[in-house]
Amino acid sequence: MATALTRKDFVSDQEVRWCPGCGDYAILAQVQKIMPEFGIPRENVVFISGIGCSSRFPYYMNTYGFHTIHGRAPAIATGLKVTRPDLDVWVVTGDGDGLSIGGNHLIHALRRNIDLNILLFNNQIYGLTKGQYSPTSEVGKVTKSSPMGSVDFPFNPITIALGANATFVARSVDVEQKHLGDTLKRAHSHRGASFVEILQNCNIFNDGAFNDVTDKAIKADHQLVLEHGKPLIFGKNRDKGVRMSGNRPEVVTLGNGVTEADLIVHDETNLALAFMLGNLQAPLPTPIGVFYATSRPTYDAAMNAQMAEARAKQGEGNLADLLKRGDTWTVN
Amino acid sequence: MALPPEAAGHAAESSGLGGGAAAKPHARRDSVVIRFAGDSGDGMQLAGMQFTAESALAGNDIATLPDFPAEIRAPAGTIAGVSGFQLNFSSREVFTAGDEPNVLVAMNPAALKANLDDLPPNGVIIVDREAFSEANVKRAGYASNPLTDHSLDKFQVFQVDVTKLTTAALHSTGLNNRAVFRCRNMFVLGMLSWLFQRPIESTERWLEGRFKKTPELLNANLMALKAGFNYGDTTEMFASSYEVQPAKIVPGLYRNITGNAATALGFVAASVKCGLPLFLGSYPITPASDVLHELAAFKNFGVYTFQAEDEIAGVSSAIGAAFGGAIALTTTSGPGMNLKAEAIGLAVKTELPMVITDIQRAGPSTGMPTKPEQADLLMAMYGRHGESPIPIIAASTPADCFECAYEAVRLAVKYMTPVILLTDGQLANGAEPWLLPDVSKLAPIKVEFASNPDGFLPYKRDPETLSRPWAVPGTPGLEHRIGGLSSEDQTGNVSYSPANNELMVRTRARKITGIVREIPPTSIFGDVNGGELVVLGWGSTYGSVREAVKQLRDKGKSVSHIHLRYLNPLPADLGGQLRKFKKVMVAEMNMGQLLKLVRADYLIDAIGCNKIQGRPFKVNELINRISRSLEG
Ligand code: SF4
């Protein structure tokens, strides 16, 4: 007689400690809002994080939670999910945690396709350590550790995930509440590792990093919302689109002989297209939504299937027999 | 004991298969140490292991020590590619694989050169004569052929045309030269089996299993084995065969086991006993990988093996599995221990049970990966930031790895703590007969997951053990958060309170020191009421120390031996036991790590006996060192 859970059931009793105005609040609110919709008992939900501002997340969720060490959350989540496939396991990480110190674990969790929901809060800065450039910061960024501007070329989280053969790759924005909620729900319904990059504003150390896609006045001209099976149209007046010019994408204005039929139609199952969209840069718009979704056996299911197969073939292990394996002899 | 002193005809001409006919006499020996040496591809490890199995079946007590080359496939015929396997089989109790071989089997000049220094005068050398071609002699770095230049005159050399005889025996098979060449090890095994009166049936059965899918190779190997056996019988080179009578051994069912296999089985046994799945997160590393291989084959026991992307993921995935309620393990060697340190600290802080097995090898850095050492003790003790004590257990023989692995799991789940199990490369690959334990008599391991939400707090401790509850996800009403940040007593909520931090650090330390209640009284081999000198050891030095102490006691010396299994905490009575002796000598394969702990903990002016050569102590080295100390 399970009573339906509400948002409040997922709010822990811990005081939220992010800086006022931080984009993390909006993400937390959205996750707490959508959790009841999954109909999963709270005790079966686990949030695992590493280190960084974003990694405080599990403390605020009234589920099982594990705030671990820098970069290792995907590896810890792997051990949990493999042995406990019954659990709904989420990983919360950031651009420093997931792409710098923990880059190795992230790509391997993705390629193995462990059934995890991985949320990477990308604020393009180290917040917790007070503002050094991160592996997603742009070249030339002036920070405390790069007074003359960073000479460090950035990673692109989407193409990293695609390159690691992730089976679900999406991007959303902290303040786009509906889009964020819908994207997280899609991610959650995906079987396998789902990777969601969430553009997140650090108003203390990197304020306005994503202004072009969040500022109401201009965002419509910079945000390209990806929808499977729909042409790539954007702009305040929905009059701009992306089409192929030879084998390169270009922005065109609809009208004057250019019609929707000339535009690229988004296909989530097309990896090459996903890479191309993942690499779109100004003056081309910033895509948000699902870049790529495909189905592949998950590591956790495959491993548990092998265990079941071994049991079916060899029978449940018998310890006394196991110890006796090989050549034995009796001494009288 | 030089062997066989009776055998005349050094470097005798081989007489081929058609030699003598009458049954030859047996000569008795107490113990024999054989070293098999050859190119990595010569199959000497296999020959050695099978000879060991035959000897075990013949009722001897045995100890073995494989010696792997550093390179996987060093150029053929070079010293770097020499692989060895030493076996001590005896009618008495043996503790080590023997200081020096009585018999050296050298399949090529490099194998001879690499091992000759260890052979005592009058020792027996058996070589494949044809392998001593000019080119091979040169490749091994010899200026002239040692078989003809009289440099081996102080030894007994038997030159056997192994290659030619194997080729002749396999002529009818039509196999190519390469395949025939690969059967030489079975010819040698057959010959030695005859020489030492070992029955070859067990090897025949083993070959049948190994070559199940390739009947032509099975047939060839069987033919080579029998040809070698018959050759021993018929050649005039060996005047007699040798017999090593069965040893007096505790009755029961035995099998031969390596340390790594025993470690794996100990973990499986523990997981079966507590009814929880076993999870190993591990990254391949010498000499630990065999534990991963062993466990990977036990899926029908509910054993998960996860070959992780790196050492850190190995331990981290295990922490995740522990959080979820599995018996969690990671296995590694020194370099991997360094990488795991931070994650182990997380397990200490979050008080999750797991076992970290460090199969020590010679360092620092990459060091000598295939060679043993005991220099990770202080890292196991202190190699993490902050105050993060961990129980440490060390296995002393290959079979003891079973009990230690089992005990490590028992302590981990009882005290909700990571436990470090130390073994080393010598234990990992060395083998000894193992008296199979009665499964029903293994110590019980009780695990009770928390289930009652009433008054549940993640850091509410058991009053006796001080362990916190194991509350696994999926349990309704126990939702809670844990993490690496300093946390409040009872609730586990993040806390920066100074007094609370000290309370939590001290409580965890008390929990670990409380494990002394689990440690049985320290037993002294020798003068139980005290005497001149006690040798204190731990880990794989057990065999050499025990043998050395025994031999000295046989000569009337007041020397005793204490060997530790529990290194943290140390046994409660250890200080008192050590103080019964005028001198305390700590023997270990490092620069004095247990020595430092003993001196610090007990203020005893102990002395060190140390070796850092990637080789176990020889019994004679210890005898000399102890004797000097007794005199000095
Ligand atoms: S430093 Fe930046 S990212 Fe961190 S909590 Fe403050 S605003 Fe948010």
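Values in this text are rule-based calculations from the coordinates and carry no lab data. Nothing here was measured: the structure is a model prediction, and the numbers come from that model. Every residue, glycine among them, receives a Cβ derived from its backbone with ideal geometry; neighbour counts consider all protein chains shown.
At-a-glance table
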| read-out | value |
| --- | --- |
| Relative contact order, percent, chain B [alpha-carbon distance under 8 Å, six or more residues apart] | 12 percent |
| Number of partner chain Cβ atoms within 10 Å, mean per residue of A:40-49 | 4 |
| Dipole magnitude of the range A:7-209, debye to nearest 20 (Cβ charges: Lys/Arg +1, Asp/Glu -1, about Cα centre) | 240 debye |
| Where only C-alpha atoms are counted, convex hull volume of chain A per residue in Å³ | 219 Å³ |
| Relative contact order for the range B:568-632, counting Cα pairs under 8 Å that sit 6 or more residues apart, in percent | 28 percent |
| Highest-first arrangement of B:435-446, B:32-43, where packing means the average Cβ count within 10 Å | B:32-43, B:435-446 |
| B:GLU93-B:ASN624 FRET efficiency (beta carbon distance; Förster radius 22 Å; 0.05 resolution) | 0.45 |
| Cut-off 11 Å between beta-carbons: net charge of the residues surrounding B:LYS618, Lys and Arg +1, Asp and Glu -1 | -2 |
| Label-point separation in nm, A:ILE218 to A:ALA29, each point 7 Å along Cα→Cβ | 2.5 nm |
| Equivalent ellipsoid semi-axes, the protein assembly as shown, via Cα gyration tensor eigenvalues times 5, rooted, Å | 61, 35, 24 |
| Viscosity 0.890 mPa s, temperature 25 °C, Stokes-Einstein D of the range A:75-186 from Kirkwood C-alpha radius, µm²/s | 162 µm²/s |
| Reachable aspartates and glutamates from B:LYS212, criterion Cα separation under 20 angstrom, eight or more residues apart if same chain | A:ASP327, B:GLU201, B:GLU204 |
| Kirkwood Rh and Cα Rg combined as Rg/Rh, the range A:35-128 | 0.96 |
| Chain B pair-distance distribution - Cα-Cα, 20 Å bins, rounded % | 18, 47, 27, 7, 0 |
| Estimated inter-spin distance, B:THR513 and B:THR148, nm [label 7 Å along Cα→Cβ] | 7.3 nm |
| Average beta carbon contacts from partner chains per residue of B:294-301, 10 Å cutoff | 5 |
| Residues of type aspartates and glutamates that B:LYS511 reaches as a straight line, Cα spacing below 12 Å, ignoring anything fewer than 8 places off in the same chain | B:GLU351, B:ASP462, B:GLU464 |
| Highest average packing first - B:143-154, A:214-225, A:130-141, Cβ atoms within 10 Å | A:130-141, A:214-225, B:143-154 |
| Computed label-point distance, nm, for sites B:THR366 and A:ASP267 using a 7 Å Cα→Cβ extension | 4.7 nm |
| Among the listed pairs A:LYS178/A:LYS236; B:LYS299/B:LYS371; B:LYS113/B:LYS550; A:LYS81/A:LYS219; B:LYS154/B:LYS557, those beyond 27 Å (Cα-Cα) | B:LYS299/B:LYS371; B:LYS113/B:LYS550; A:LYS81/A:LYS219; B:LYS154/B:LYS557 |
| Magnitude of the charge dipole, the range A:196-270, Cβ model with Lys/Arg +1 and Asp/Glu -1, debye to 20 | 180 debye |
| Low-density loop positions, GluC sites (Glu not before Pro), the range B:423-497 - DSSP coil, at most 13 other Cβ in 10 Å | B:GLU448, B:GLU464 |
| Most to least packed among B:426-432, A:96-102 [average Cβ atoms within 10 Å] | B:426-432, A:96-102 |
| Centre separation in Å (Cα based) which lies between the range A:127-188 and the range B:552-620 | 56 Å |
| Per-residue mean of C-beta atoms belonging to partner chains within 10 Å, peptide A:68-74 | 6 |
| Calculated FRET efficiency for the pair B:GLN551/B:ALA600, C-beta based, R₀ 35 Å, to 0.05 | 0.65 |
| Within the protein assembly as shown: Cβ-based charge dipole about Cα centre, in debye rounded to nearest 20 (Lys, Arg +1; Asp, Glu -1) | 740 debye |
| Cβ-based charge dipole, chain B, positive-most Cα from B:ILE344, B:LEU87, B:THR234 | B:ILE344 |
| Reference-scaled alpha-carbon Rg (2.2 N^0.38 Å with N residues) for the range B:448-498 | 1.15 |
| Dipole axis of the protein assembly as shown (+1 Lys, Arg; -1 Asp, Glu on Cβ), positive-most option in B:ALA131, B:LEU564, A:VAL252 | B:LEU564 |
| FRET efficiency for B:HIS26 and B:GLU448, using Cβ-Cβ distance with R0 set to 45 Å, rounded to 0.05 | 0.15 |
